[in-house]
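The values are calculated or read from the model by the stated rules, or taken from the named source; none is laboratory data. Owing to the predicted nature of the structure, the values given are computational and were not obtained by experimental measurement. Quick reminder, even Gly has a Cβ in these numbers, built from the backbone with ideal geometry, and neighbours come from all protein chains shown. Heavy atoms of the whole protein, side chains included, go into the accessibility calculation; ligands, DNA and RNA do not. Shrake-Rupley method; radii C 1.70, N 1.55, O 1.52, S 1.80 Å.
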Amino acid sequence: FARDQVYPALVNIAVVSMGFSGGRVERFPSAGSGVIVSPAGHVLTNYHVAGESSNLVCRLPSKEAIEAEVVAHDPLTDLSVLRLKLETRKDKNLPIPFAKIGDSARLAVGEPVLAMGNPLTLSSSMTLGIVGNPSRVFTSFTGSDMDDMDLGEGQVTGLFTRWIQHDALILPGNSGGPLVNLRGEVVGINELGGSGVGFAIPSNLASHVLNQALTHGEVRRGWLGVTVFPVEKMGRKSGALVSSTQPGGPADKAGIQPGDVLLSVDGAATDAVHFEDVPNLYKAFAALEAGRQVAVRVLRGKEERTMTVGV
């Protein structure tokens, strides 16, 4: 069963968060969900669950509780990677259950999925639904601009994310828990839900963050300093429209201007015909090695230009 492949690796995360009020340190409890994804005890969860924590304890469905430490936070994807302190277990030789990460790109509309987590602190719960859209992006009411997902208190996320929209019941406490296909693979990390609709971070994006965290202890990204729009309304089938540049950023310094059409970056085509293409383009920019000089080809009016940008 798909349940048996992932359910033992589900964790209920008890969080003690720290803040400041009136010049004093305040600590307050909260809770969320996560999933163990390696035999070394690495856990994927949401940044908005673990990001401000001073103490983390993960409880498994077996009732075993293990303290965890932060490996890396990534607010831009709202993901955190934790490590269970397996050395503190009574039986240090007992294998820890862990789940396999699947390929979220294979998800299809209508595919059944399981959402596992700890809704309303009701530990180790599961709901069933179907995928409504495996590559959801949020746009303004007029469809003329992209919106970030607002998690409240000024925290926005989703720059690199094409969300998995599904209807498995998601409630407060489910955040960070796994979305699972019927092959027993983690295909998403649940973010939030309401009104019968839930949204999850695709496992392919989560896997990239995990690999970066385990390799570098942080998530490293290149940066062009551009905002792009799709080119469908321009009648184009390739390229991406530069809508703005960050003042003093790499693209601005190189002379790239709003209104330019990006044709390629470091030899790779930069095609964003629809809004759904934009997050993948930002991911491609972020995958550039920081500190490199890359060739950027743009169309300005009817003239093609090649510029060198330091990312």
| request: Name the lysines eligible as straight-distance cross-link partners of Lys90: C-alpha to C-alpha under 27 Å, and not fewer than 8 places from it in the same chain. | output: Lys63, Lys100
| field | Helix-derived mean residue ellipticity, 222 nm - over the chain, DSSP H n ≥ 4, -39500 (n - 2.57), to 500 | value | -3000 deg cm²/dmol
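State the dimensionless ratio Rg/Rh of the chain (Rg: radius of gyration of Cα atoms; Rh: Kirkwood radius). Present the calculation step by step, with values, prior to reporting the outcome.
Details: Rg = 20.8 Å, Rh = 20.6 Å.
For the chain, the value is 1.01.
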| task | First compute the accessible area of segment 171-242 with a 1.4 Å probe, then give the percent of it belonging to carbon and sulfur atoms. | result | 53
| request: Post the alpha-carbon centroid distance, segment 92-106 to segment 263-311, in whole angstrom. | output: 35
| Crossing angle, helix 203-216 versus the chain [Cα axis fit, 0-90 degrees, rounded to tens] | 80
| Averaged over all directions, how much area does the convex hull of the C-alpha atoms of segment 216-311 cover when projected, in nm²? | 6.1
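Kindly state, to the nearest 0.05, the FRET efficiency for Asn280 paired with Glu111, given R0 = 25 Å and r defined as their beta-carbon distance.
Efficiency at R0 = 25 Å is approximately 0.75.
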| query | By per-residue mean of other Cβ atoms within 10 Å, what is the highest-first order of 250-261, 27-38? | reply | 27-38, 250-261
| message | Just the number: Rg to Rh for segment 261-311, Cα atoms, Kirkwood Rh, two decimals. | response | 0.98
| query | Straight-line reach from Lys92: which aspartates and glutamates have Cα under 18 Å away, leaving out those fewer than 8 places along the same chain? | reply | Glu64, Glu67, Glu69
